[in-house]
């Protein structure tokens with residue numbers, strides 16, 4: 001009988017270890033599922049932001065293209081495209097690009 005008591009204690013200890021292991025595995029799996037949800041949400045947000053950036057870039061491109069076409073049409077018809085010199089136009093272009101970059105990289109991503 002004395003021999004059975006230590007075996008029973010060992011069996012109980014092994015059962016406790018196995019139960020703890022099962023609990024740990026369950027907790028790890030739950031955390032993995034939660035991490036996967038967070039990763040998918042982040043990917044969806046990234047896609048949303050990229051789509052909005054593409055839309056904005058397309059709108060800016062369309063507006064610039066329309067302005068260019070109007071300026072070219074005025075030049076073809078002998079009109080004056082602008083009374084600004086090239087240095088001023090260069091400065092205005094750099095300012096516009098800087099503002100566009102700021103809007104596209106701003107945290108709120110909303111137009112002013």
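Does the range 84-93 hold any residues that are surrounded by 10 or more Cβ atoms within 10 Å (Cβ to Cβ) and in a helix (DSSP H, G or I), and which are they?
Here is the first cut: in the range 84-93, the ones surrounded by 10 or more Cβ atoms within 10 Å (Cβ to Cβ) are 84, 88-93.
Result: 88, 89, 90, 91, 92, 93.
The conditions are (1) assigned to a helix (DSSP H, G or I); (2) within 26 Å of the chain's Cα centre (by Cα), and residue 107 fails exactly one of them. Which is it?
(1)
Among the residues of the range 52-65, is any over 22 Å from residue 106 (Cα atoms), modelled with pLDDT under 95 and assigned to a helix (DSSP H, G or I)?
Yes: the range 52-65 contains one or more residues that are over 22 Å from residue 106 (Cα atoms), modelled with pLDDT under 95 and assigned to a helix (DSSP H, G or I).
When the residues of the range 83-112 are filtered to those that are at negative phi and in contact with a helix residue (DSSP H, G or I) (Cβ under 8 Å, 6 or more places away or on another chain), which remaining residue is modelled with the highest pLDDT?
100
The values are calculated or read from the model by the stated rules, or taken from the named source; none is laboratory data. All figures in this text were calculated on a predicted structure; none of them were measured in a lab. In this analysis, Cβ positions are derived from the backbone assuming ideal geometry, glycine residues included, and neighbour counts consider all displayed protein chains.
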